[in-house]
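Report on the following structure.
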Amino acid sequence: MKEAAFIRQNIEKWRHVELIIGDTLFATPDETVAAYNQVTSDLAFAQTHYPGSSVTDYLNDLALGLHRDLYHQRREKWSRVIRFWTHDVPLSVYHARRALLSSLVIFVVSIVIGVISTCGDESFPRVILGDYYVEMTLRNIEQGHPMAVYGGDSQLLSFLGITVNNVMVSFMIYVMGIFTSFGTGYYLLHNGIMVGAFVTFFVQRGLFVQAILAIMLHGTLELSAIVIAGGAGITLGNGWLFPGTYSRLRSFLRAARRSLMILVSTVPVFIVAGFIEGFFTRYTEAGDGWRLCVILLSLAFVLYYYVALPARRAREVDDA
């Protein structure tokens, strides 16, 4: 059989194998074993008939990837869990880095829109945040407790309500990617405008430092997670819009697997952000130093886990 015919006959099968490699979230051990047997059989054929060919090198890489996955699947359960969080998620983040950057740009631009709109029209926050919320906040400011909104309910109820709400918002931002990445972009725009209007509302009343320290105490993690969920949604939408050399369905499924890993990674971030907001943000009389310290530690975590670690894992893969 000629090499070109051999490639045409098996290319779809090999592309499916590419989706299985490294897919610890969906690929089953039986599926990985079956793929490994198929690829090693094709590799033996290629080594016999096309030694030194690029297709032989390609099949060898597939076989090595499947062998590595089978080795990891035989490890203890906790080892696989640790690998998921320390290797699989960072690599997915690295591959989706352009979508994540796009999400960040959309969110920042939308915040600027909220700021400009509020500066140009002081009634704008009422349109975005609602009359009830604005009136309540104005009363709190008059009473000398501008951030009292964070201390309304019990700590446990606040924590649970905030966490569930944030997870649902991120899930909605992600799911809108099914309707192309423009759906995710719309929700990012809406949330960013709200943040810009909210912050500017306090700035106009001379409460910039107090508002920033209170908001960003939990908001550093919360807003970062929203941007990351947006990046996952854009990744999902781009898989449908830009299939490249894959069929549209295969490209979409490939993007769904990668983006879902990224979305899952935001859940613990939202839980910690909700815990901070429910239990600590309400103490606005606390020292500025420790609040700034929490903000900087949160920012350091986000930059390490979603920027530095993914780049490091990608270099390790290239060097392997």
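One compactness figure for region 196-281 is 1.49, namely its Cα radius of gyration divided by 2.2 N^0.38 Å. Starting from the Cα gyration tensor of region 172-242, take the square roots of the eigenvalues, sort them a ≥ b ≥ c, and report rounded, prolate or oblate (rounded when a/c is under 1.5, otherwise prolate if a/b is larger than b/c, else oblate). Note, shape of region 172-242 comes out prolate. Considering only Leu292, Ala229, Thr163, whose Cα is most displaced toward the positive end of the charge dipole of the chain, charges sitting on Cβ of Lys, Arg (+1) and Asp, Glu (-1)? In the chain, that residue is Ala229. Charges were assigned to the Cβ only: +1 to each Lys and Arg, -1 to each Asp and Glu. The resulting dipole of the chain about its Cα centre is roughly 620 debye. Sequentially through region 118-124, phi angles give Karplus couplings (6.51, -1.76, 1.60; θ = phi - 60°) of 6, 5, x, 8, 5, 8, 4 Hz, Gly and Pro residues having no value and appearing as x. How large is Rg/Rh for region 95-247, to two decimals, with Cα atoms and a Kirkwood Rh? Value, to two decimals: 1.03.
Using Stokes-Einstein with the Kirkwood hydrodynamic radius over Cα pairs, what translational diffusion coefficient do you get for the chain at 37 °C and a viscosity of 0.692 mPa s, in µm²/s rounded to a whole number? Walk me through the numbers on the way to the answer.
On the way: Rh = 22.2 Å.
Estimated via Stokes-Einstein, D reaches 148 µm²/s.
Sorting 188-195, 117-124 by their mean Cβ neighbour count within 10 Å, with the most densely packed peptide first, gives 188-195, 117-124. Of Val175, Trp240, Gln204, whose Cα points farthest to the positive end of the dipole of the chain (charges on the beta-carbon: +1 Lys, Arg; -1 Asp, Glu; origin at the Cα centre)? In the chain, that residue is Trp240. Both radii were evaluated on the Cα set of region 239-320; the Rg over Rh quotient, with Rh as the Kirkwood radius, amounts to 1.17. For the chain, the residue among Leu189, Gln47, Leu249 whose Cα projects farthest onto the positive side of the dipole built from Cβ charges is Gln47.
Per residue of the chain, the DSSP helices (runs of n ≥ 4 H) give a summed -39500 (n - 2.57) that works out to -26500 deg cm²/dmol at 222 nm. Projected onto its three principal axes, the C-alpha set of region 166-320 covers 57, 37, 22 Å, listed from the longest axis down. Put a plus charge on the Cβ of each Lys and Arg, a minus charge on the Cβ of each Asp and Glu, and nothing anywhere else: the dipole of region 184-302 about its Cα centre is then about 620 debye.
Rule-based calculations on the coordinates, nothing more; no lab input. The shown structure was predicted, so the numbers you read here are calculated from the model rather than taken from an experiment. Every residue, glycine among them, receives a Cβ derived from its backbone with ideal geometry; neighbour counts consider all protein chains shown.
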